[in-house]
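The values are calculated or read from the model by the stated rules, or taken from the named source; none is laboratory data. Since the structure is predicted, the reported quantities are computational estimates derived from the model, not experimental observations. Cβ placement follows ideal geometry from the backbone for every residue including glycine, while neighbour counts extend to all protein chains displayed.
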Amino acid sequence: MDIKKQLGYKIKRLRQQKGITQEKLAEMAEISIRSLSGIELGENFMSAQTMERLLKCLGITIDELFAAEHLRPTEDLISEIDSIIDSVKDDRDKIENIYKVIKALVLV
């Protein structure tokens with residue numbers, strides 16, 4: 001995935017997590033809906049000024065925007081989770097804690 005698509009995906013995901021519509025974020029960042037759509041789809045790259053406004057509107061830092069850990073394929077994440085669980089399978093306390101965290105996240 002190229003940088004435009006990665007950043008666009010991250011912005012879209014953050015916007016959705018915060019319950020902000022595309023229209024509202026575009027208004028808040030003082031850009032057109034079409035521009036925001038192009039950014040989120042990875043078709044357009046944003047100017048530094050637009051990036052700064054989007055960061056402010058989404059309440060994130062530039063470091064958080066460029067953090068790419070979340071972009072790993074789902075299959076990779078599941079595999080890593082499986083490895084973590086496998087590495088502690090003999091530790092009942094850790095398994096219980098993992099279970100509680102997962103259950104809490106799913107029920108949110």
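Does ALA104 fit the bill of being without any contact (Cβ under 8 Å) to a residue 40 or more places away in the chain and surrounded by 11 or more Cβ atoms within 10 Å (Cβ to Cβ)? So ALA104 does not fit the description; no.
Pick from ILE20, ILE98, ILE78, ILE84: which is of a type in the set (A, V, I, L, M) and in contact with a helix residue (DSSP H, G or I) (Cβ under 7 Å, 6 or more places away or on another chain)? Show your work before the answer.
Details: ILE20 fails: in contact with a helix residue (DSSP H, G or I) (Cβ under 7 Å, 6 or more places away or on another chain); ILE78 fails: in contact with a helix residue (DSSP H, G or I) (Cβ under 7 Å, 6 or more places away or on another chain); ILE84 fails: in contact with a helix residue (DSSP H, G or I) (Cβ under 7 Å, 6 or more places away or on another chain).
Residue meeting the stated conditions: ILE98.
Within the stretch 29-42, the residues that satisfy the criterion of being within 23 Å of ALA67 (Cα to Cα) and out of contact with any Lys or Arg (no Cβ under 7 Å at 6 or more places or on another chain) are SER35, LEU36, SER37, GLY38, ILE39, LEU41.
For the stretch 50-108, give me every one of the helices (runs of 4 or more DSSP H) that falls completely inside it and has 3 or more residues that are among the hydroxyl-bearing types (Ser, Thr, Tyr) and outside the structural domain of ALA29 (by TED's automatic domain parsing).
Numbers: elements: 62-66, 74-87, 92-106.
Per the criteria, 74-87.
Would you mind finding the one in SER47, SER35 that is over 14 Å from the mean Cα position of the chain (by Cα), surrounded by 15 or more Cβ atoms within 10 Å (Cβ to Cβ) and not assigned by TED's automatic domain parsing to the domain that holds ILE98?
On the way: SER47 fails: surrounded by 15 or more Cβ atoms within 10 Å (Cβ to Cβ).
Just one listed residue meets the conditions, SER35.
Residues of the stretch 58-65 include none that is of a type in the set (Ser, Thr, Tyr), buried (at least 16 other Cβ atoms within 10 Å of the Cβ) and over 11 Å from LEU7 (Cα atoms).
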